[in-house]
Amino acid sequence: LWIMTKKERQILTRWQKEVELSLFESKALCMALFSIKDKQLLFSNPAFQLLARSSGADTLRNPAFDKLASMAKNHESEHSPVFEGLMTIGPENDSTTIQGKVYCRDNELLVSGEIDLVRINNQHRHMVSLNHEISNLQRQLTKEKVLLESALEELQETNEKLAILNEEKNRFMNMAAHDLRSPIATAISFTDILLHDEEDFPEETRKEFLKNIEERLNFSIQLMTELLDVSKIEAGTLTLNLQTNDYIALVKQSVGFNQLVADYKDMTIRSSFHEDSLAFVFDRNKMEQVLNNLISNAIKFSHHGSEIQVRVRRHPDHVETSVIDQGLGIAEDEIPILFKPFQKTSTLPTGGEKSTGLGLAICKKIVEEHEGEITVNSVKGEGSEFTFTIPLFIPANS
């Protein structure tokens, strides 16, 4: 309980009018006087007017005017408040809470109160924190939106690529079915002739029929083998058996094997090496497949009596192998499709040999699995040079 001293009372008396005026005009301290009888606002200071925005008793929302009037009827003391605590005043959709007191005298209610500055400050801090969090969420939402748009674009691109791949797969299967059907159907036809009309043909003709059957079945087996190789490569299941092997010995063996085929077209395969042996790590069977394919292609597309060169060069970190022919060459605009499955150029084999259109695609994949590279230089009518490189990895104990 605050008890003023004589000196304080003298000071306040001297300044009474100014103090009363300051209190009445305060924009923090709310004051309003209501008539209980007719529920009218008799007067209010600027702070109350600002918060209440009304001239009637309905501006008192909680506790409501009628409740305060009922409490006043049963209240005995004029100097103690009828109500003390948090009060809500103002319009329903924009009300304000004040720390208020209500007094009753002569059938009138005096409402006084002030805004809880600590509470407002806490609310302000809370709003600042909420706004900061909202800003962070908006920024995060913007980032997520950008990522989502990017993901959707990537998904669309992936779907487009899948559609293209699916179309290529269907075309691939159709071409494979066609290439398999044709030689097998021919072999069946020759077989049927031999089974039912063997006596109508001389022995030389029958041998020719059997040779045709053998050629077409060998081609079919080759095609199926290469189809399986392509399938393994595309599925990522092609595994290399990496071991230390003598590369020069392998090249010589491949040249010798293909020379037997080249003899039928009076061709010579010449090889050149800078050393007699070269041992390093690679998959012998797969590399033999690459060599045989490139050399046999050179034989297929070269003129009778021409020469093929197989050249091996050692570099500090890789081995370079070139197969050079003097054949028909490849048109410049057809070179980009050479290493794609089932892609055949307009250049036809000089001896009517068959081609699956898969060999170069398999060669490229095998070389790339060895972390190497394959290229081609060709001039239409002059010949072609296929070159591939593979890393030269020699184990420390070799």
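The values are calculated or read from the model by the stated rules, or taken from the named source; none is laboratory data. This is a predicted model, so every value here is computed, not measured. Cβ sites come from the backbone with ideal geometry, for glycine too, and all protein chains shown count toward neighbours. SASA here: full protein model, heavy atoms, side chains in, ligands and nucleic acids out. Shrake-Rupley method; radii C 1.70, N 1.55, O 1.52, S 1.80 Å.
Close amide H pairs (under 5 Å, H built 1.01 Å from N) link residue 301 with 350, residues at least 5 positions away or on another chain. Peptides 274-281, 369-376, 151-158 ranked from most to least packed by the mean count of surrounding Cβ atoms within 10 Å: 369-376, 274-281, 151-158.
Give the shape of the stretch 298-340 as rounded, prolate or oblate, defined through the alpha-carbon gyration tensor: a ≥ b ≥ c are the square roots of its eigenvalues, a/c under 1.5 means rounded, and otherwise the shape is prolate if a/b is larger than b/c and oblate if not. Oblate, since a/c reaches 1.5 and b/c is not below a/b. Sorting 321, 97 on solvent-accessible area from highest to lowest, probe radius 1.4 Å, gives 97, 321. Summarising the amide proton neighbourhood of residue 108: residues at separation of 5 or more, or on other chains, whose placed amide H is nearer than 5 Å comprise 36. Each residue of the stretch 130-141 was assigned a 3J(HN,Hα) from its phi angle through the Karplus expression (A = 6.51, B = -1.76, C = 1.60, θ = phi - 60°), giving 5, 4, 5, 5, 4, 4, 4, 5, 5, 5, 4, 4 Hz with x at Gly and Pro. Annotation: extensible slack from residue 379 through residue 335 equals 14.8 nm (criterion: 0.36 nm per residue apart, minus Cα-Cα distance). The packing ranking, built from the mean of other Cβ atoms within 10 Å per residue, places the peptides 244-250, 195-201 in the order 244-250, 195-201, highest first. Database remark: amide H of residue 308 closer than 5 angstrom to the amide H of 268, 269, 270 (H placed geometrically; neighbours at sequence offset of 5 or more, or on other chains; Pro and chain starts carry no H).
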